[in-house]
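The values are calculated or read from the model by the stated rules, or taken from the named source; none is laboratory data. Keep in mind that what you see is a predicted model, and the values were worked out from it rather than measured. Note that we place each Cβ from the backbone using ideal geometry, even for glycine, and neighbour counts take in every protein chain shown. What goes into the accessible areas is simple: the full protein's heavy atoms, side chains included, and nothing from ligands, DNA or RNA. Shrake-Rupley method; radii C 1.70, N 1.55, O 1.52, S 1.80 Å.
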Amino acid sequence: MLHYKDPAVAAKFSKYEFGLEKESLRVLGDGTFAHTPHPFPVDKYIVRDFCENQIEINTGVSSNEEDTINELESYERHVREVLRNLPEKEYVWHFSNPPYIKDEEDIPVATFTGPLYDKTLYRDYLAKMYGKYKMTFSGIHVNFSLGEELIMAEYDSSRSDLQLREFKDRIYLDLASNLVSDGWIINVLLSASPVLDGSFLEQGVKGKTDFLGMASVRCSELGYWNLFIPVLDYTGTKAYADSIRKYINDGLITSQTELYYPVRIKPRGPNSLEILEEKGINHIELRNVDINPYAYGGLDVRDLKFIRMLALYEASRPAENLSEERQIKSAINFKNAAHFNLDGTSQMPYKHGSKETCRGISDLNCYKDK
């Protein structure tokens, strides 16, 4: 943990970094899905997610909230300008929940060719596993890292017997475990997707809006979750990687990228368990932020400042002892916190380590009957 009362450590508390991933759908003037190819084929900062029409803006790394938001808005401005100038004008759908969907065939899986063809195969697998509808949710992933100067100040102050790499990993592991315990507060404060187009629940229906009692459908039990509740090991970097490998080996997920969990531990560069073990932890990814429709880039600078303060607070207190029971309860807390009624309980049955559960929002009858 960070000892913020130590003057040398406190002096470096402004040393942190952010990077954002913002998803959004391209639509036509009538609000239906665009079916044109991705308009930014050579821009490494504007890529595709699940859908061909699902733009993902990836900012660089910035050292403060204002710079991060300015960069996000700059890319957003560029995206909108390019879409305006297409032969048939397109728009950014500035909400986490998707617009009208005719049917599953209306959802264009991203098309990759050549050496990247495996990306399309992976998306075809996700479509079969979770249903295309669920994959049309969009949101913002916030990547947060503690500055090297802050880590070094804590390392020097602690006089730890650990090597620097292991010491740094330990701080991130403790931060992640605390965010697993408390990160549901982000759902409470930043959820912004309470209503669904009726076509999401009733195929092809037009002119209907549904409210399920949720402030964020994508963060609720109906959103981005695996078909089991993962229980991860935060005692060390290898232990954490091995706990994910267990689910891969058991056939519950195909890779670490399929771990749909609100808090992820990640290395610098490609999201690989091998790289994580080899090079160590670089940052924490928070995946439970909705698009804010009132912010030009989809995220208000005040929201990002809150996330920074929460992360620094969690890094400055003792690590949670995340038993299996505690982790399962924490996952349920994340889902419940996406409801307007925060006292509600999860309606989706889960059985740890098993696929014996509802298959997600596409199985509406399962949701209603349980």
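Determine whether E76 is acidic (D, E) and either open to solvent by 70 Å² or more (accessible area, probe 1.4 Å) or in contact with a helix residue (DSSP H, G or I) (Cβ under 7 Å, 6 or more places away or on another chain) (or both).
Taking the combined requirement at face value, the residue does not satisfy it.
Residue check: is R159 on the phi > 0 side of the Ramachandran plot and either surrounded by fewer than 22 Cβ atoms within 10 Å (Cβ to Cβ) or out of contact with any strand residue (DSSP E or B) (no Cβ under 8 Å at 6 or more places or on another chain) (or both)?
It is true that R159 is on the phi > 0 side of the Ramachandran plot and either surrounded by fewer than 22 Cβ atoms within 10 Å (Cβ to Cβ) or out of contact with any strand residue (DSSP E or B) (no Cβ under 8 Å at 6 or more places or on another chain) (or both).
Would you tally the residues in the stretch 60-96 being among the β-branched types (V, I, T), over 27 Å from Y133 (Cβ atoms) and out of contact with any Phe, Trp or Tyr (no Cβ under 8 Å at 6 or more places or on another chain)?
1
I need the full set of residues from the stretch 126-149 which are over 21 Å from I55 (Cβ atoms), open to solvent by less than 60 Å² (accessible area, probe 1.4 Å) and in a helix (DSSP H, G or I), in order please.
The answer is M129, and nothing else.
Pick out, from the stretch 8-110, the strands (runs of 3 or more DSSP E) lying fully within it that include 2 or more residues that are of a type in the set (S, T, N, Q).
In the stretch 8-110, the matching strands (runs of 3 or more DSSP E) lie at 54-58.
Within the stretch 163-184, does at least one residue satisfy the condition of being more than 29 Å from E149 (Cβ to Cβ), assigned to a helix (DSSP H, G or I) and without any contact (Cβ under 8 Å) to a residue 24 or more places away in the chain?
No, because not a single residue in the stretch 163-184 is more than 29 Å from E149 (Cβ to Cβ), assigned to a helix (DSSP H, G or I) and without any contact (Cβ under 8 Å) to a residue 24 or more places away in the chain.
Being in contact with a helix residue (DSSP H, G or I) (Cβ under 6 Å, 6 or more places away or on another chain), open to solvent by 50 Å² or more (accessible area, probe 1.4 Å), within 30 Å of E277 (Cβ to Cβ) and assigned to a loop (DSSP other than H, G, I, E, B) is the filter here; which residues of the stretch 199-255 pass it?
D233
When you go through V42, V9 one by one, which is the residue that is open to solvent by less than 50 Å² (accessible area, probe 1.4 Å) and among the β-branched types (V, I, T)?
Answer to the check: V9.
Regarding P108, is this residue touching a His at 6+ places or on another chain (Cβ under 8 Å) and over 23 Å from R264 (Cβ atoms)?
yes
Return yes or no: is V142 touching a Gly at 6+ places or on another chain (Cβ under 6 Å), under 30 Å from G31 (Cβ atoms) and not basic (K, R)?
No.
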